[in-house]
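Enquirer: One structure, pasted below without further comment.
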Amino acid sequence: MEYTKSNKVVLIGDGAVGSSYAYTLVTQGIVDELAIIDVNKERVAGDVKDLAHASALCAKNTHLKVGTYEDCADADIIVITAGVNQQPHETRLDLVTKNTEIYKEIIANIMAYKFSGIFIIATNPVDIMAYVTKKLSGFPKEKVIGSGTVLDSARFTHELALLTNIAPANIDAQIIGEHGDSELAVWSNVQIAGQSLNNFRTQYTISENDLNQAFINTKEAAYHIIRAKGATCYGIAMALTEITVAILSNQNKVLTVSSYLENNYGYNDVYIGVPTLINRNGAMKVYEVVLNTKEKEQFKDSILILKDTQKKLRNYFIA
């Protein structure tokens, strides 16, 4: 059967995160073509066949293939989930050197085929790996997007939904900053059932301790999941899907992705999770939410942690 290419995604990394993302794309009929690349070609072949069988039961058939880097030439989006997994005793920042070495090879292979689409980065530490991708590829900032704190914001919304017995769809709550231990909740902007958090709390009994615990549960969620099952996969797969759809459907959707700051919030030359307008052209506009004094200090701390980590990688970007 002759195949005419339309929306095409190349996935690099077929581990727990990558395969969960691929399954979501296929079952939701989001892309026309999906090529999967991984060093374990046998696993990819098995996944492609398994996903093809799933696709046959879906409303839309997805063209699936065991990919090579040649597939990057005409891809709309490349999603990179490849890298060393976080272990129970490690922070996301502990992975930086190992995964930068892996990315040097991956990005070189991609650029050899003149890829001109949009990168979505999921490998941890995601803010740093998005920065690495921008530097190694030479791409403009709009074309390199990290998954940022999209998942963290979803986790936060989930915790607040449990606490208030309000559906997540009726809660607007954001986590910004590093996708990691220095992330912060923008408490001053939380909206529940159309009301500010403070107004909501005057009508319903929600203690400060309950709110603090909701944030702790959010920040520590990944550690609990990794200890229990070895890796997080479903939540991040849905976060990646949300970003993918925002791009391919030209949604002009605002998500807390990891974006490159250029005099935003008073900072430059760093990727960090902030509300960003996403459409077919990529990460088009960073929105500066109003932060209170405490939140500004927390955001600054997050910036400094990421910048300090970036300094250790300078040698990788010297031609």
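Enquirer: Set the bar at 29 Å for Cα to Cα. Now go through Lys65/Lys134; Lys41/Lys311; Lys60/Lys219; Lys141/Lys296 and name every pair that lies beyond it.
Expert: Numbers: Lys65/Lys134 27 Å; Lys41/Lys311 35 Å; Lys60/Lys219 37 Å; Lys141/Lys296 24 Å.
Where the Cα-Cα span goes over 29 Å, the pairs concerned are Lys41/Lys311; Lys60/Lys219.
Enquirer: Follow-up. Any idea of the accessible area per residue across region 212-252, 1.4 Å probe, to the nearest Å²? Walk me through the intermediate numbers first.
Expert: Working: 1910 Å² over 41 residues.
For region 212-252, the per-residue accessible area is 47 Å².
Enquirer: Quote to one decimal, in nm, the extra length available between Ile225 and Thr27 on full extension: 0.36 nm per residue of separation minus the C-alpha distance between them. Present the calculation step by step, with values, prior to reporting the outcome.
Expert: Numbers: separation 198, 0.36 × 198 = 71.28 nm, distance 2.42 nm.
Roughly 68.9 nm would be gained on extension.
Enquirer: Would you mind giving the average projected area, over all directions, of the Cα convex hull of region 122-226 in nm² with one decimal?
Expert: Values: hull surface 30.1 nm².
If I average the Cα hull's projected area over directions, I get 7.5 nm².
Enquirer: Still on this structure, please answer the following. Work out, in µm²/s and without decimals, the Stokes-Einstein translational diffusion coefficient of the chain at 4 °C, 1.567 mPa s, Rh from Kirkwood over C-alpha pairs.
Expert: For the chosen part, D equals 64 µm²/s.
Enquirer: Debye sum, Cα scatterers, region 12-147, no solvent: what log₁₀ I/I(0) at q = 0.12, 0.13, 0.19, 0.21 1/Å?
Expert: For region 12-147 at q = 0.12, 0.13, 0.19, 0.21 Å⁻¹, log10 I(q)/I(0) is -0.47, -0.55, -1.11, -1.29.
Enquirer: Only four residue types carry charge here, +1 at the Cβ of Lys and Arg and -1 at the Cβ of Asp and Glu. Report the dipole size of region 140-247 about the Cα centre in Debye, rounded to the nearest 20. Mind showing how you got there, number by number?
Expert: Details: 7 positive and 11 negative charges, 43 e Å.
Here the size comes out at about 200 debye.
Enquirer: Further, regarding this structure: If one computes the Cα centroid of region 284-319 and of region 180-217, what distance in Å separates the two points?
Expert: When both Cα centres are located, 24 Å separates them.
Enquirer: What does the charge count around Val66 come to, taking other residues whose C-beta lies under 14 Å from its C-beta (Lys +1, Arg +1, Asp -1, Glu -1)?
Expert: Numbers: positive: Lys41, Arg43, Lys49, Lys65; negative: Asp14, Glu33, Asp38, Glu42, Asp47, Asp50, Glu70, Asp71.
Residues close to Val66 contribute a combined charge of -4.
Enquirer: Roll a 1.4 angstrom probe over the protein heavy atoms and tell me the percent of accessible area of the chain that is carbon or sulfur. Write out the running numbers ahead of the final one.
Expert: Values: 7120 of 14620 Å².
Roughly 49 percent of what the probe reaches on the chain is carbon or sulfur.
Enquirer: Calculate the dipole size of the chain relative to its Cα centre from +1 charges on Lys and Arg beta carbons and -1 charges on Asp and Glu beta carbons; express the result in debye to the nearest 20.
Expert: Details: 30 positive and 35 negative charges, 77 e Å.
For this selection, approximately 380 debye.
Enquirer: Taking a quarter of the surface of the convex hull around the Cα atoms of region 183-295, what do you get in nm²?
Expert: Values: hull surface 37.0 nm².
It is 9.3 nm².
Enquirer: To the nearest 20 debye, what charge dipole does region 255-319 have about its Cα centre, counting +1 at the Cβ of each Lys and Arg and -1 at the Cβ of each Asp and Glu?
Expert: On the way: 9 positive and 7 negative charges, 34 e Å.
Using only the charged Cβ atoms, the result is roughly 160 debye.
Enquirer: Just going by the charge dipole of the chain, with Lys and Arg at +1 and Asp and Glu at -1 on Cβ, which of Asn199, Asn217, Ser147 is farthest out on the positive end?
Expert: Ser147
Enquirer: Then there's this: Would you tally the net charge around Lys253, using a Cβ to Cβ cut-off of less than 14 Å, leaving Lys253 out, and scoring K and R as +1, D and E as -1?
Expert: Numbers: positive: Arg280, Lys285; negative: Asp172, Glu242.
Charge balance in the 14 Å sphere: 0.
Enquirer: Considering only DSSP states other than H, G, I, E and B, which trypsin sites (Lys or Arg not before Pro) in region 57-106 qualify as loop sites with at most 14 other Cβ atoms within 10 Å?
Expert: On the way: sites: Lys60, Lys65, Arg92, Lys98, Lys104; in loops: Lys60.
Those that pass, being in a loop and sparsely packed, are Lys60.
The values are calculated or read from the model by the stated rules, or taken from the named source; none is laboratory data. Model, not experiment: these values are computed from the prediction. Reconstructed Cβ throughout: ideal geometry from the backbone, glycine too, with neighbour counts over all protein chains shown. Heads up: the accessible areas ignore ligands, DNA and RNA and are worked out on the full protein's heavy atoms, side chains in. Shrake-Rupley method; radii C 1.70, N 1.55, O 1.52, S 1.80 Å.
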